[in-house]
Amino acid sequence: MSLILQNIAKHITLTPEEELFFISKTEAHHFKAKCILLNSGQICTHSYFVNSGTLRSFNINDNIVEHVLNFACEGYWIGDMYSLISQKPGNLFIEVLEDAEVVLLSKENQELLYIEIPKLERFFRILTENSLVANQERLMDNLSLSAEERFEKFCKKYPTLIQKVSQKQIASYIGVTPEFFSKMKSRLLKR
């Protein structure tokens, strides 16, 4: 549990008692690769913090094409923010890509933590703001950068994932077909 407390300590300071109370409101679970933590159409009831392993969020369009929205590796949070905040059915899947230890924080317990430890509301506001900025930056990158530039940014953001996730998933994340990605990667290796 120390990793999640280190993550919180980047933004706010909790007393030892507050840390214990926070931990008491979470659940750590081990999940096997390919486990689906959330299905499209379900209401997201938890935020997920990755202690180890890798997760991804994605949706599937009407043509049965997957679109990867995010990856979460050690030290990252993930969830379907639309569904978690609105408590309406979402359109994301959250999948475990490699065996993982994940800390679950329910929406109900998160709300309780806001009341009992008000500075945690600041922590989650900061996470939400950072997520909003990252999503806006990614949207702008998709509109203005070449596929090669988007791949370079991916490599900088997720250096450990290049060997862990499939090329198909990386291609989906940067917004290209697997075939285009394979040709692009070959060109980049020749340079």
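Quick one: how many residues across the range 128-139 are in contact (Cβ under 8 Å) with a residue 24 or more places away in the chain and either exposed (fewer than 12 other Cβ atoms within 10 Å of the Cβ) or under 13 Å from ASN70 (Cβ atoms) (or both)?
Of the residues in that region, 1 qualify.
With under 23 Å from THR128 (Cβ atoms), among the polar types (S, T, N, Q) and surrounded by fewer than 21 Cβ atoms within 10 Å (Cβ to Cβ) as the only criterion, which of ASN63, ASN59 stands out?
ASN59
HIS67 is checked against (1) part of a strand (DSSP E or B); (2) under 22 Å from ALA9 (Cβ atoms); (3) of a type outside the set (Val, Ile, Thr); (4) out of contact with any Lys or Arg (no Cβ under 8 Å at 6 or more places or on another chain) and fails just one. What number does that condition carry?
Against the list (1) part of a strand (DSSP E or B); (2) under 22 Å from ALA9 (Cβ atoms); (3) of a type outside the set (Val, Ile, Thr); (4) out of contact with any Lys or Arg (no Cβ under 8 Å at 6 or more places or on another chain), HIS67 comes up short only on (2).
Of the residues GLU108, GLU152, GLU121, GLU148, which single one is more than 20 Å from VAL68 (Cβ to Cβ) and surrounded by 12 or more Cβ atoms within 10 Å (Cβ to Cβ)?
Just one listed residue meets the conditions, GLU121.
Which one of these does ALA33 not meet: (1) in a loop (DSSP other than H, G, I, E, B); (2) within 21 Å of LEU132 (Cα to Cα)?
The single condition ALA33 does not satisfy is (2).
Please go through the range 1-59 and pick out each residue that is closer than 19 Å to GLY79 by Cβ and free of Cβ contacts under 8 Å to residues at least 12 places away in the same chain.
Residue satisfying the conditions is LYS10 alone.
FYI, it's all coordinate maths here, none of it is from the lab. Remember, predicted model here, so these are calculated numbers, not experimental data. With ideal geometry, Cβ positions are generated from the backbone for all residues, glycine too; neighbour counts draw on all protein chains shown.
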